[in-house]
Amino acid sequence: MSTFKVVVSDQVFPSVEIERELLSGIDAELMVATGDVANVLRDAADADAILNTYLPWTAESIAQLQRCKIIARYGIGFDNVDLEAASDAGIVVTNVPDYSVEEVATHALALIMSALRKLIPADRSVRAGAWNVDQFRPIRRLSTLTVGLVGYGRIGRRIAEPLAALGARIVAHDPYLEPSPELPELLGFEALLGEADIVSLHLPLNDETRGIVGESALAAMREGAILVNTSRGPLVDLDALGGALRDGRLSAAALDVFDVEPVDPGRIEGVPNLIATPHMAYYSEEALEESQRKAATQVIKVLTGQEPDYRVN
Ligand SMILES: NC(=O)c1ccc[n+]([C@@H]2O[C@H](COP(=O)([O-])OP(=O)(O)OC[C@H]3O[C@@H](n4cnc5c(N)ncnc54)[C@H](O)[C@@H]3O)[C@@H](O)[C@H]2O)c1
């Protein structure tokens, strides 16, 4: 019988050997659960710790945890865990805030470039035997454009660097920052929407930000602007965005995240100039390994009475 039981509630990794090996160092046994919350709770109710990816931990399911000390998220966002309920139950919640900053910034940059340079329709047209640029007019020069970053934290900063190096003007909206010489120009949300040719979302999902890009924000964006979301799906009203793309108010959009995942393909079928990727911005082999190592380390720290590195409650 091991000293501790750690349950992986859901995960996206080819194997959990990294966690298993690290946890064996404190005599913790690792179990990988599958299925919905009810299934997972069968294994997790008496766990000392939970490693979590997307499975929601609501107040009701947290109440079923009899001896859990920590819910350690493998990822950055923690909108799927009821922090108040966890705190009330004496459960530490941690995330891994830095494992995929480079990957998400790279993915957002790739989406911006694909949308701006119309790579996907260009590829399709060549395969269909066409060979001209007329159908792709207009394409604008990046160094004449303004990129508006909504949320200027780790990822927002990381993507600002290459965009600025390529000559784009950067503006940002982040209500938690004070203007300073190291920061790009900070604007109100509406003002940013009115100035940016490309809007990229890098803010967390919470009660304040849910649906922040709905009808009225879309109407405030510049004619022909591009919207990119690699943050969280419910920030954007997908149906309103579909309308703005269909009637040509926006020239393109690129989404890595959707309000409901996986997205029902019927909801984006026929929506023009929309690039969709399957919530993969975080992914690289190196990032996954870092997230597994760091999440397991949070579990080890809490179970051995140390302060974790990345407490969020
Ligand atoms: N698609 C993916 O695979 C993937 C991977 C990792 C992270 N993410 C998402 O990316 C988001 C950003 O990550 P990060 O590491 O940059 O987080 P971060 O915490 O470093 O930065 C978020 C920034 O948003 C700002 N902010 C908060 N409320 C805001 C508001 N109402 N308007 C504008 N700005 C606001 C904060 O002040 C902060 O500076 C995360 O919340 C996560 O949901 C997605």
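Couple of notes before you dig in:
- GluC sites (Glu not before Pro) lying in DSSP loop within segment 187-291, provided at most 11 other Cβ fall within 10 Å: GLU208, GLU223, GLU269
- Shown for segment 127-273: the carbon plus sulfur share of the solvent-accessible area, taken with all protein chains present and a 1.4 angstrom probe, equals 51%.
- Of all lysines in the structure, the ones whose alpha carbon falls short of 23 Å from that of LYS69, not counting any fewer than 8 places away in one chain, are LYS5, LYS294, LYS301.
- Helix 101-117 axis, angle to the chain major axis (alpha carbon atoms, nearest 10°): 20
- Along the chain, the exposed loop sites are trypsin sites (Lys or Arg not before Pro) outside DSSP states H, G, I, E and B with at most 16 other Cβ atoms within 10 Å, and the longest stretch free of them is 68-139.
- Note on segment 259-313 and segment 133-181: Cα centroid distance 24 Å, given to the nearest whole angstrom.
- Per residue, the chain exposes 48 Å² of solvent-accessible protein surface, assessed with a 1.4 angstrom probe and all protein chains in place.
- Surface composition of segment 1-64: carbon plus sulfur atoms hold 54% of the accessible area, using a 1.4 angstrom probe and ignoring ligands, DNA and RNA.
The values are calculated or read from the model by the stated rules, or taken from the named source; none is laboratory data. Note that the coordinates shown come from a computational prediction; the quantities given were computed from them, not determined experimentally. When we count neighbours, we look across all protein chains shown, and the Cβ atoms used for this are built from the backbone with ideal geometry, even at glycine. Keep in mind that these areas ignore ligands, DNA and RNA; they rest on the heavy atoms of the full protein, side chains included. Shrake-Rupley method; radii C 1.70, N 1.55, O 1.52, S 1.80 Å.
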